[in-house]
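The values are calculated or read from the model by the stated rules, or taken from the named source; none is laboratory data. From a predicted model like this one, the values you see are computed outputs, not experimental measurements. Note: ideal-geometry Cβ built from the backbone for every residue, glycine included; neighbour counts use all protein chains shown. Only protein heavy atoms, including side chains, enter the accessible area calculation; ligands, DNA and RNA are left aside. Shrake-Rupley method; radii C 1.70, N 1.55, O 1.52, S 1.80 Å.
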Amino acid sequence: MGPRSRERRAGAVQSTNDSSAVSKTSLAARGYVHDTFAALLVPGTARRAPLIHRGYYVRARAVRHCVRAFLKGTCAVPGAPRAQIVSLGAGSDSLYFRLKTAGRLTRAAVWEVDFPDVAQRKAQRIRDTPELCALTGPFQSGDPGYTLCFESSDYCILGLDLRQLQRLDHALGTAGLDAAAPTLLLAEAVLTYLEPDDAAALIAWAAQRFSNALFVVYEQMRPRDAFGEFMQQHFRQLNSPLHGLDRFPDAEAQQQRFLQAGWTACRAMDMNEFYRCFLPAEERRRVENLETFDEFEEWHLKCAHYFILAASRGDALSQTLVFPPSETFPRVDPPSPSGIFPASVVTGDSQGPHLKRYGHASVLLSPGLILSAGGFGEQEGRHCRVRKFHLLSRYCDFEWKGNQICSWGIGAQWDGRLYHTMTRLSDTQVLVLGGRLSPLTPALGILQLLFCKSEDNNPEDLNVTVTKVGPEEDSTLSCWRHSTTEVSYENQRYLFVYGGRSVAEPVLRDWHFLHVGTMAWVRIPVEGEVPEGRHSHSACSCQGGALIAGGLGASEEPLSSVFFLKPVSCGFIWESITIQPPITPRYSHTAHVVNGKLLLVGGVWIHSSSVPGVTVIDLSTGLSFEYQIDTTCVPWPLMLHNHTSILLPEEQQLLLLGGGGNCFSFGTYFNPCTVTLDLSSLSARQ
């Protein structure tokens with residue numbers, strides 16, 4: 001790489017600091033963390049989305065946890081030398097000022113290193129801000145162009161390129177850093193922006209330079225799955241690509257990276273594990289209630305793609321000081337795959353207009369005719385709540401054609417809801433239940449979609465009329481992320497609506513029965529132990545009852561339980577299904593019953609580092625099997641959450657429609673194609 005390319009890359013990396021600093025300011029403003037200094041160090045403010053806040057919150061808490069553990073283990077030792085914190089790539093971070101205000105620097109000091117422009121700008125900001133100068137005490141400023149930008153009795157800011165290790169070593173020594181004193185080296189989203197050889201040299205230098213040290217790293221991982229690929233695309237577009245991820249793709253590889261570089265102990269974990277194991281339940285509840293939130297899939301995926309690592313050298317700093325063993329987050333890895341379901345793009349003209357949306361619902365109107373409605377997606381060149389219906393029709397044995405249609409007539413209009421359910425009542429009638437317009441606004445009322453076909457039965461000429469069913473004030477279903485399943489009682493058709501969430505309740509455990517003939521809510525006796533509340537689960541009709549699988553529970557943790565709402569003479573009874581081996585807890589998946597087997601398709605899980613494929617549960621034996629999805633023949637990435645799926649039993653195929661999400665700060669992703677899974681290998685096992 002030439003000098004100019006290096007300069008451009010450095011500038012792009014510096015811009016990530018500016019974006020991060022604004023996010024940290026917004027984080028403090030919304031009460032996630034107590035930090036009165038972030039706004040003083042960063043000019044200008046902008047309110048970030050709740051998903052961004054959560055992502056930066058768990059990062060801040062992980063770093064705080066490590067720093068406090070280090071200071072507790074070093075400053076409490078009588079007669080020990082002054083503890084040292086070296087923040088590499090510190091940017092506009094306010095760590096020093098927070099520690100100073102909390103009284104944690106009486107026997108410790110902080111050194112910060114970053115690009116010269118960043119360091120000079122921060123030093124000038126401190127000099128211009130009386131509140132900050134009051135905390136640093138008397139200070140000296142370096143001349144422009146000098147490495148030392150700011151120096152007080154317990155705080156130094158150095159302007160250096162971390163790739164220049166000889167200069168770094170000399171500058172730190174000149175600034176008073178003692179290689180024999182206990183030292184914390186902190187690198188928040190820093191090493192991954194260095195070329196792998198430069199990062200390796202920095203890690204090895206630190207191991208050789210300090211005999212009693214702790215190296216804490218926070219950065220990205222898992223580049224090879226769908227979310228990881230989209231994450232990498234984002235940083236490449238910013239001209240700050242992530243380096244070393246292919247060489248060190250997961251927490252285990254990162255641990256080996258440090259051990260092989262001379263560090264004597266190391267532990268790394270993803271941010272889901274940190275959040276569950278090292279934050280008190282009361283604190284998690286506080287954070288989860290700060291803002292209205294409904295982006296659970298992207299929250300868990302973001303946390304699965306970042307890690308916190310603590311590597312140590314010296315007897316005084318054991319890794320258990322930072323991350324003691326915990327049993328509160330067991331790994332539940334799926335068994336080795338029993339087979340593969342090949343995926344392919346649905347052929348024909350099905351891709352235009354694109355079905356690029358998530359949080360929608362789909363239903364098989366008639367053989368070869370699939371309707372999708374609602375959700376958030378692309379429409380007329382912008383991202384919005386989708387108001388047009390999407391119709392996918394088969395016009396020969398293996399080819400499909402897609403087109404968009406609008407509602408018409410004097411009835412109600414489609415209101416743009418998402419996370420609703422749709423149930424086919426006949427070839428020309430679909431019922432829409434629940435959903436939301438925003439996380440604060442449920443979509444009230446039952447919608448009925450009526451379809452009128454043309455004389456030549458051309459699907460492209462299909463007309464849709466939207467009408468409201470029942471009283472306007474009916475608020476029985478003010479929920480979303482629920483399930484609706486057709487069940488039978490006393491030879492009558494009912495819709496069983498279960499779970500979900502609402503504005504008032506983060507999870508619901510109640511249910512309702514809707515009589516299809518009268519469109520009235522009725523009470524039917526249900527016995528047995530009531531399952532815990534959940535949303536984003538799956539539900540399938542089975543033998544007149546309903547199979548409920550997975551979901552997200554009250555503590556925002558995925559569930560693995562499977563229940564059968566079994567028909568009995570007096571109504572229904574809940575029965576728990578025992579599964580061996582136990583399945584990995586998941587949610588935001590879809591499900592189908594095929595020849596006595598329950599298929600759980602895609603979804604999100606946090607208790608395994610593998611990617612959800614298709615879990616197959618034999619309902620007669622309770623045995624579970626895993627099938628991988630072979631995505632080599634479909635556009636990548638393919639995100640299998642917030643999607644819908646339609647079973648074509650005669651063809652032994654499963655169509656996957658839509659899916660994707662708002663991927664943290666990386667942008668919004670929509671699966672570009674309708675995909676089919678070949679299930680023929682499943683019948684071969686019978």
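Structure data summary
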read-out: Residues of segment 209-241 satisfying the condition of being more than 16 Å from residue 162 (Cβ to Cβ) and part of a helix (DSSP H, G or I); value: 226, 227, 228, 229, 230, 231, 232, 233, 234, 235, 236, 237
read-out: Counted residues, segment 360-375 - those being closer than 17 Å to residue 433 by Cα and part of a strand (DSSP E or B); value: 8
read-out: Residue match in segment 236-250 (condition: among the basic types (Lys, Arg) and closer than 28 Å to residue 630 by Cβ); value: yes
read-out: Qualifying residues in segment 175-197 (those that are closer than 29 Å to residue 21 by Cα and open to solvent by 40 Å² or more (accessible area, probe 1.4 Å)) - the one farthest from the chain's Cα centre (by Cα); value: 176
read-out: Residue among 226, 251 that is crowded, with 21+ Cβ neighbours inside 10 Å, within 24 Å of residue 297 (Cα to Cα) and not assigned by the TED database to the domain that holds residue 640; value: 226
read-out: Count of residues meeting criterion [within 27 Å of residue 344 (Cβ to Cβ) and in a loop (DSSP other than H, G, I, E, B)] in segment 379-419; value: 6
read-out: Verdict on residue 424 being in a strand (DSSP E or B) and closer than 26 Å to residue 499 by Cα; value: yes
read-out: Residue satisfying condition, being of a type in the set (A, V, I, L, M, F, W, C), in a strand (DSSP E or B) and either within 20 Å of residue 137 (Cα to Cα) or open to solvent by 40 Å² or more (accessible area, probe 1.4 Å) (or both), within set 86, 77; value: 86
read-out: Of residues in segment 242-282 being of a type in the set (Asp, Glu) and not in a helix (DSSP H, G or I), the one nearest to residue 556 (Cα to Cα); value: 270
read-out: Positions within segment 140-170 being at pLDDT below 95 and surrounded by fewer than 19 Cβ atoms within 10 Å (Cβ to Cβ), in sequence order; value: 140, 141, 142, 143, 144, 145, 146
read-out: Residue match in segment 653-668 (condition: of a type in the set (Gly, Ala, Ser), in a strand (DSSP E or B) and over 22 Å from residue 334 (Cα atoms)); value: yes
read-out: Filter pass, residue 70 being within 24 Å of residue 269 (Cβ to Cβ) and outside any loop (DSSP other than H, G, I, E, B); value: yes
read-out: Cβ-Cβ under 7 Å pairs, at least 6 apart or on other chains, segment 319-347 side touching a residue at least 12 places away in the same chain (Cβ under 8 Å), far side part of a strand (DSSP E or B) and among the basic types (Lys, Arg); value: 319/267; 323/267
read-out: Any hit, segment 669-681, residues being open to solvent by less than 50 Å² (accessible area, probe 1.4 Å) and touching a helix residue (DSSP H, G or I) at 6+ places or on another chain (Cβ under 7 Å); value: yes
read-out: Residues within segment 380-396 that are open to solvent by 20 Å² or more (accessible area, probe 1.4 Å) and within 24 Å of the chain's Cα centre (by Cα), tallied; value: 3
